[in-house]
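As structure tokens, the structure follows; a few thoughts come after it.
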């Protein structure tokens, strides 16, 4: 029986689930290109909406033949590729839950996230198969794709007991009665200060990401959305791919971001929309060709950047828990410089002082988000009641851990993460403020600022920078002079260290805990 009501209220996606969406788009847009797979090696391949529907139902049938049933969990450990989409939605089609892990995880990290969730089987790719087999105890079976992003597998990389992904294709499985509140997928938080938390999304969360995400970005069926960000993170998946699918558009999928391949792929397939998570910075170093892009999604509004790329930029802020940006800009309105947007309908935004009172315009405060659980915000942290209790306040608002600034006219600007504040002699120093000063000096590709223990001040700021070129000693001296001229004395980095690259944790996010550990090791060595 189809479930229509939840807590005696008609569910906003009553009678629907992710499988119903797949079936509807196959019926409405059957021959239209749904996915253009543009691997770095091998030929381009196209999936129509009808072909995608057919392969999802057949893999669902193959999973059912292997004993996977509603409520079971299946690990999907893949880089960007068509199989990751087919696998995720095939698992959801039969009522099971796809556990979507970061393909960059080391073996011990994978062992921390997958086995505790009781996954029964795993779908992965050749170069990751041995790692999955060795670190995911209790798996009943492993299915392995034919290639790694278009490249043939290296000999001896596939475990002897593994089967091919192609072997999962079975008899098409009929669609189940839809339940929008049923669990669909588990993703993981990207923080690295502790073990990543398992974030449970319902089918309604997926539908919300599609419907509302498409509205946020103004997507249409004529769009071609270029997706180069990893699909195991929200920006690539529910900020980009899922809204494009809901709109009936075409998804142009790449294995990952590549400076040399971004523009040729975009031009060859006449891409119109894309999302960036810092990747646009690498493209700023190259000439912008004549293109068909009308819009890119960024973390903040920057008209100078938009003019450089000759397109409209929209901004958004969100987390894995939020599904899509809970704060978003509107390209049809006059946007505020460097803002992340405005509170988006469906989300209640509070910006609080330390005592819980609301900030006044111009003040910086803690960002809290209220939304309907299992629809506009995640359902729960799996098997983690302590994390749930810490995440929500007594009124049901979610503590984001971010601090933002509210303007007079309602626009919101990101300030910093709470854990990124540095206490220098009792004064709070925003890491992002110091980073912005370093970037404004020019000649810096990336910058990250963390705290270092200090006997006199408690903490001092230390900056790590990736320089664009020039003499390293002279550049560091120039950057220090710039900081002294533009920042209060207690905010100036005690030391600036040039590095070839900054450690990342996925989606181009800086791994600050790794930098803090590096600072600690260096500090201990000096003691």
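The values are calculated or read from the model by the stated rules, or taken from the named source; none is laboratory data. Here the structure is a predicted model, which is why all the values come from computation and not from measurement. Reconstructed Cβ throughout: ideal geometry from the backbone, glycine too, with neighbour counts over all protein chains shown.
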Taking region 283-301 and keeping residues closer than 19 Å to residue 436 by Cβ and either in contact with a helix residue (DSSP H, G or I) (Cβ under 8 Å, 6 or more places away or on another chain) or modelled with pLDDT of 95 or more (or both) leaves 284, 298
Out of (1) farther than 26 Å from residue 234 by Cα; (2) in contact with a helix residue (DSSP H, G or I) (Cβ under 9 Å, 6 or more places away or on another chain), what's the single condition that is false for residue 428?
(2)
Somewhere in region 495-513, is a residue in a helix (DSSP H, G or I), over 24 Å from the mean Cα position of the chain (by Cα), within 30 Å of residue 230 (Cα to Cα) and modelled with pLDDT under 90?
no
Just the residues that are assigned to a strand (DSSP E or B) and under 19 Å from residue 18 (Cα atoms), please, taken from region 182-224.
183, 184, 185, 186, 187, 199, 200, 201, 202
Could you tell me whether region 310-321 includes any residue that is more than 20 Å from residue 413 (Cβ to Cβ), assigned to a loop (DSSP other than H, G, I, E, B) and free of Cβ contacts under 8 Å to residues at least 40 places away in the same chain?
yes
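So that you can scan it fast, the table gives a plain yes or no per residue for (1) at pLDDT below 95; (2) touching a helix residue (DSSP H, G or I) at 6+ places or on another chain (Cβ under 7 Å):
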residue	(1), (2)
24	no, no
32	no, yes
35	no, yes
41	yes, no
53	no, yes
77	no, yes
80	no, no
89	no, yes
95	no, no
Do you know which of the residues in region 136-158 that are without any contact (Cβ under 8 Å) to a residue 60 or more places away in the chain and buried (at least 18 other Cβ atoms within 10 Å of the Cβ) is farthest from the chain's Cα centre (by Cα)?
158
Can you give me the number of residues within region 257-282 that are on the phi > 0 side of the Ramachandran plot and at pLDDT 95 or above?
1
Filtering region 115-147 for residues that are at positive phi and either assigned to a helix (DSSP H, G or I) or at pLDDT below 95 (or both) leaves a count of 1
Determine whether region 204-211 contains at least one residue that is within 18 Å of residue 331 (Cβ to Cβ) and out of contact with any helix residue (DSSP H, G or I) (no Cβ under 6 Å at 6 or more places or on another chain).
no
Within region 232-252, is there a residue that is modelled with pLDDT of 95 or more and surrounded by fewer than 20 Cβ atoms within 10 Å (Cβ to Cβ)?
yes
Sort out for me the strands (runs of 3 or more DSSP E) sitting completely within region 225-307 that have 2 or more residues that are touching a strand residue (DSSP E or B) at 6+ places or on another chain (Cβ under 6 Å) and farther than 22 Å from residue 47 by Cβ.
295-298
